[in-house]
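Following: one structure in structure tokens, then a few remarks.
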Amino acid sequence: MRVCWLLMQINMKKSQIKQILTQYIRFGPARYYNNHMIPWLDRDQPFPPLSRALTEPNGLLAAGGALTAERLIEAYRNAIFPWYSEGQPLLWWSPDPRMVLMPGEFNTSRSLGKRLKKGGFEVRTDSAFERVMRACAAPRGEREGTWITDDMVAAYTVLHQRGFAHSVETWIDGELAGGLYGVALGRMFYGESMFARATDASKIALAHLARQLQRWGFGMIDCQMNTDHLASLGAREIPRADFVRELKVLVNCDPPASWRFDADLFA
């Protein structure tokens, strides 16, 4: 899950992307596949095979195309996700290995467990989807810029309106204190980003998501790339081939009848 602090931890340099994009301009899209270049996609051009993804930066697969709801669903069904910064072209990724959180493996620390039992918060779903996205996009600390651009917000809002993208929100004293958003296809959830304005607010949301998804029979939460923080919460890396094999089963399962969480998840 590309949580709001994730960009600080990913081992990728903007200069690498700039060099690759310079090669596009110099050589054109005909030279799609060598050790240094990836294809530039037309609006409806199919994604290349995942085997063509670069190893450095890990998982960079293609550039270009359209950021539409239909394209996003196609990407997620094929283990691909978009990630780019303001001023860059649309970039598509599929890293190997893949960071995932099995819903039943969420690690509830002692302090978080006490917080969940103590209460003093309300967890809601889909009541403030765009606000959650905007909060994840907001600058914090020394982090400059964001990959959650206005185009991203618009595209995922359409997914939300169609019932594919969801937010899980932690409210404290009537205020939005933290949360996360992602995409659900079948019984597969793709975590996108999370934020917190109060201690443990994002973890509370994630804990409820993991517990509910376990009840619903979801197989994985896609976290995309490895960070120490995600690992501390129980996420782990698996080979991309294993991820894809499991994904193909999960996305074809029937989805939950409604995106409403049970009230007794931590009763």
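Shape descriptor for the range 164-260: Rg over Rh equals 0.98 (Cα atoms; Rh from the Kirkwood inverse mean 1/r). A simple count of charges around ARG215, restricted to other residues whose Cβ falls under 13 Å of its Cβ and scoring Lys, Arg +1 and Asp, Glu -1, yields +1. When the Cα positions of THR157, VAL251, LEU209 are compared along the charge dipole of the range 129-267, VAL251 comes out farthest toward the positive end, with charges on each C-beta of Lys, Arg, Asp and Glu.
Subtracting the Cα-Cα distance of ALA267 and ASP151 from their residue separation scaled by 0.36 nm leaves 37.8 nm. Here is the list for the range 109-201: GluC sites (Glu not before Pro) lying in DSSP coil, each with at most 11 other C-beta atoms within 10 angstrom of its C-beta, are GLU142, GLU144. Other residues whose C-beta falls under 13 angstrom from the C-beta of ALA155 contribute a net charge of -4, scoring Lys and Arg +1 and Asp and Glu -1. Bridgeable aspartates and glutamates around LYS203 (alpha carbons under 18 Å apart, same-chain partners fewer than 8 residues away excluded): GLU105, GLU122, ASP126, GLU169, ASP173, GLU175, GLU192, ASP222, ASP228, ASP262, ASP264.
Extension gain for GLU105 to ASP242 (0.36 nm times residue separation, less C-alpha to C-alpha distance): 47.6 nm. About its Cα centre, the range 155-267 has a charge dipole of approximately 340 debye under the convention of +1 per Lys or Arg Cβ and -1 per Asp or Glu Cβ, with nothing else charged. Estimated at 0.36 nm per residue, the fully extended path between VAL158 and ARG131 surpasses their Cα-Cα distance by 8.3 nm.
Taken together, the values in this text are just the output of simple stated rules run on the coordinates, not laboratory data. Just so it is clear, the model here is predicted, and its values are computed rather than measured. Methodologically, a virtual Cβ is constructed for each residue, glycine included, from the backbone with ideal geometry; neighbour enumeration extends over all protein chains shown.
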